[in-house]
Every structure is written in structure tokens, then in C-alpha cells.
Amino acid sequence: MSTVPTLVNVAHAFSEDQAVRRFAIAPVARLGTVSADGAPHLVPVVFAVAGDVAYTAVDGKPKSTTRLRRLANIAHEPRVSLLVDHYTDDWTQLWWVRADGEATVHGNDAEAAAGRTLLRSKYPQYQSVSLDGPVIVIAILKWSHWSAS
């Protein structure tokens, strides 16, 4: 996608670069999708980022079904959000970063391979956990962030 993402800074506590950096190094995010009937769906995911593209995949961790709702939701409505947040009892240290974008699901193409490579690089667990399922590729269109301090 050739459009340049916008960044909405809700508070001025940290810079755009810091927001994207905090997002990229976080170990887990929440992926928000919307079902065909308009119901929100939120799941924790591991992910990797390269520029303004985020990747997450269906891996070999145990799941109740292989027909994941997030995949069906993306097929119906590709607009998604990824949220990373930091919580601590010291509320002056709270922050969050959200990436809004358009998702596509890839099987065994170059985009999927790039995502799997990034995910294996970020998460050593993928040396022993299968990473052969579909890869969700999110073209990030807008970054938003907030910090308490």
C-alpha cells in the first residue's frame, strides 16, 4: 500500500518514533476484528513489524478449532486494529500504542514468507512451534498512542 500512515498523538509524552519503537518490541498485542454481524472480536497475538506492516500468524499452539474467527472476520471486513499496552501499578508509567490498518490473509507466498521470517526472528519459541498456518499481513494506515507521563 503506497499511502503514508498518519499518527494521532493523544498525549505528547513520547514521540512518534518512540511510539512505533515501543509497539514493535512489545511481546504481545491484541488484534481487533469485526464479524459479519458487527460483533467485535479481540484476541491476543504475537506479531512482528517491518516499517508500516505488521505480521501475525496462525501457528501450531493448541487451538479449539482451525477455523479461526479472526480469519473469517478479515475476509468479511479487512479493517483491523492492533493494540499494545503497558500496565504497571505506577500509573504515571502507563502507555498504549494502536496500529489501525487493512489486513489480508496469505498462505504460501512471498508476503507470508517475509512474515514468518520476522516472527521466527522475534520469537525463539518458533524454533520448536510450527509456523505453517496462514499469515495475517496488516498494512498500517494510522498509528495512535497515549502515555500517562
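Please pick out the residue among Arg120, Arg116 that is modelled with pLDDT of 95 or more, over 18 Å from Leu31 (Cβ atoms) and either surrounded by 14 or more Cβ atoms within 10 Å (Cβ to Cβ) or among the small types (Gly, Ala, Ser) (or both).
Residue meeting the stated conditions: Arg120.
For region 55-98, enumerate the residues that are closer than 22 Å to Asp132 by Cα, of a type in the set (Lys, Arg) and buried (at least 17 other Cβ atoms within 10 Å of the Cβ).
Listed by number, the list holds a single entry, Arg70.
Got a number for residues in region 123-149 being under 30 Å from Trp91 (Cα atoms), crowded, with 17+ Cβ neighbours inside 10 Å and hydroxyl-bearing (Ser, Thr, Tyr)?
Residues that pass the stated criteria total 2.
Hey, could you check region 99-113 for residues that are modelled with pLDDT of 95 or more and farther than 25 Å from Ala19 by Cβ and say which is surrounded by the fewest Cβ atoms within 10 Å (Cβ to Cβ)?
Top of the filtered list is Ala110.
When residues of region 123-149 are filtered for being at pLDDT 90 or above, of a type outside the set (A, V, I, L, M) and under 16 Å from Val97 (Cα atoms), how many remain?
6
Within the bounds of region 86-94, is there any residue that is touching a residue at least 40 places away in the same chain (Cβ under 8 Å), in contact with a strand residue (DSSP E or B) (Cβ under 6 Å, 6 or more places away or on another chain) and of a type in the set (Phe, Trp, Tyr)?
No, because not a single residue in region 86-94 is touching a residue at least 40 places away in the same chain (Cβ under 8 Å), in contact with a strand residue (DSSP E or B) (Cβ under 6 Å, 6 or more places away or on another chain) and of a type in the set (Phe, Trp, Tyr).
Residue by residue through region 20-68, note down the ones that are of a type in the set (Asp, Glu) and either in a strand (DSSP E or B) or within 19 Å of Ala139 (Cβ to Cβ) (or both). Spell out the reasoning first.
Keep residues of region 20-68 that are of a type in the set (Asp, Glu), which gives 37, 52, 59.
Matches in region 20-68: Asp52 only.
Exactly one condition in (1) of a type in the set (Val, Ile, Thr); (2) in a helix (DSSP H, G or I); (3) more than 25 Å from Arg120 (Cβ to Cβ) is not met by Thr88; state its number.
Checking Thr88 against (1) of a type in the set (Val, Ile, Thr); (2) in a helix (DSSP H, G or I); (3) more than 25 Å from Arg120 (Cβ to Cβ), the one that fails is (2).
Listed residues Ser130, Ser144; which is in a loop (DSSP other than H, G, I, E, B) and under 30 Å from Ala36 (Cβ atoms)?
Ser130
The values are calculated or read from the model by the stated rules, or taken from the named source; none is laboratory data. Predicted model only: the values in this text are computed from it and were never measured. Here Cβ is always computed from backbone atoms with ideal geometry, including for glycine, and neighbour counts include all displayed protein chains.
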